[in-house]
Amino acid sequence: MTLYIVVLGIIVVTLLTVSLGRLGKVKTKADYLVAGRSLPAFVLVFTLLSSWIGSGSLLGGAENAYRHGFVALWQGGGGWAGLALIYFIAPRARKFAQFTIPDLLEARYNQTARVLGVIAVLFTYTAITSYQFIGGGDILHLIFPAQISGIGGRSVIAGFVILFTAIAGMSSVAYMDVAIGLLATFTMIAALPVLIHQAGGWGAVHAALPATHFQVLGDLSLIQALELFLPTCLLMLGNQSMYQKFFSARSEKDATRAVGGWVVGTVVLETIIVAIAVVGSALFPTGDVHDHPREILAYTGLHAFNASGPVLALLGALLVGAIFAKIISTANNYLFSPATNLVNDVFVRYIKRDAGNRQVLLVSRLMVVGLGLWALYQALHTESVLKKSLYAYTIYSAALTPVILAAFYWRRATAAAAVASIFVGTFVTVFWDSALVHDHLPTVVSERDAIFPALIASLLCLLVVSLITPPPSEEKLRPFVEG
């Protein structure tokens, strides 16, 4: 295990060095929240890639692949469909050039939409951060089984993430993501063919697993597949972390170029993640990982390479390190994003309008600490990463994505409709996950994901209320619909 400890130690020191190196460049609110709007396309590609692929893919998606095979790509495919549309949204988002999604909601709709948007973001992003802590804790427990429990590991990871995120904000997050993205991409590409060889070739993998593991729907129904696809697609389209990266771009052209690299990187990495999990299920069909399948990627890195010489042992350690680093990176992104909401959309907007840069930076860092502790609380009370990820995606997908897209593409969308849509989308998702629904509705209904009822209710509110209320003024529309 010494090799794994050394690799993780190098990664942690590197991340800390990058954060401290960017600290001297953070002097203003814009520096902290959107990296001074200076990120070139190359940096944007890797920070977008690292913020998107975290425990949802590395744990939730891998668990799904271990149990069901390549049907898990329905979850990743939702993100790919969203990416195809984001190519057209990116330059518009950079042109708007504010700090957060609630900035956009107030400019296009009203102040109430802004406040409800903050609430929806807080629910979603702290939930996403929480299962990054679970993933990092799992890895620490696998490497140090006698010293660190899964619960203890979550606390250690939370401390790392809070520290890294608080130091230098978006500038720190973005430049850490470049190193992490390069490490993860090349390590996973190198690991997959080695693992296939270890399993006896692709034919042996296919023979060892059920035929459904290699089918389009496998053992899932179309509705179940869409419950994986839709939340991911809609989260991608409205993702505040993504929009903040576009707001941080050096130019509209850099924002557009970055999407191309992001598409390629996401399709390649998510396919490789699922493939590694499927090969892992053939290599390790029983044992501890069978009872904890979300750990299959790290477990494979720990156990599939050690007996094959020092070079492959190093590759296994780098694979575990890359997974660990990606989880840290995603946690940084999703912890930082809601902190900007509390600072920009609550503190500066309602509490201290004349706050100076120094005061804003201090409050921003305090918000990172507070939200990190809330995310840790959720992590300590959550076990299913896949279920938690779909819950988080659904809140955002139903509450915010429809009104964000309408802001850019539907002139008739009104403020009253946006308020109703955000409120109903959030309420239905949270209510659907409550004991009241599970105790009083038939199991066939209550066990379904909330995406369909929440999204339908949100869209109906947006459509109907928009049509029965006065249209928005040209002044409201001008920043969003003009070329």
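The values are calculated or read from the model by the stated rules, or taken from the named source; none is laboratory data. All values reported here derive from a predicted model rather than from experimental measurement. Virtual Cβ from ideal backbone geometry, glycine too; neighbours counted across all protein chains shown.
Residues of the range 179-230 being surrounded by fewer than 20 Cβ atoms within 10 Å (Cβ to Cβ) and among the charged types (D, E, K, R), which ones?
Asp219, the sole residue that qualifies.
Testing Pro102 on (1) in contact with a helix residue (DSSP H, G or I) (Cβ under 6 Å, 6 or more places away or on another chain); (2) crowded, with 21+ Cβ neighbours inside 10 Å; (3) at pLDDT 80 or above, one condition comes back false. Which one is that?
Single failed check for Pro102: (3).
Quick grid of which residues meet (1) surrounded by 24 or more Cβ atoms within 10 Å (Cβ to Cβ); (2) under 29 Å from Leu237 (Cα atoms); (3) in contact with a Gly (Cβ under 6 Å, 6 or more places away or on another chain); (4) of a type in the set (Val, Ile, Thr):
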residue: Gly280; (1), (2), (3), (4): yes, no, no, no
residue: Leu283; (1), (2), (3), (4): no, no, no, no
residue: Gly316; (1), (2), (3), (4): yes, no, yes, no
residue: Ala325; (1), (2), (3), (4): yes, yes, no, no
residue: Ala355; (1), (2), (3), (4): no, no, no, no
residue: Arg365; (1), (2), (3), (4): no, yes, no, no
residue: Gln378; (1), (2), (3), (4): no, yes, no, no
residue: Ser384; (1), (2), (3), (4): no, yes, no, no
residue: Tyr393; (1), (2), (3), (4): yes, yes, no, no
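Quick one: in the range 253-303, of everything that is at pLDDT 85 or above and among the small types (Gly, Ala, Ser), which residue is farthest from Phe133 (Cα to Cα)?
Ala282
Picking from Ala355, Ala339, which residue would you name as being among the small types (Gly, Ala, Ser), more than 30 Å from His197 (Cβ to Cβ) and within 23 Å of the chain's Cα centre (by Cα)? Break it down into steps so the answer makes sense when it comes.
Working: Ala355 fails: within 23 Å of the chain's Cα centre (by Cα).
Sole residue among the options that is among the small types (Gly, Ala, Ser), more than 30 Å from His197 (Cβ to Cβ) and within 23 Å of the chain's Cα centre (by Cα): Ala339.
Among the small types (Gly, Ala, Ser) and modelled with pLDDT of 90 or more: is that true of Gly356 in this structure?
no
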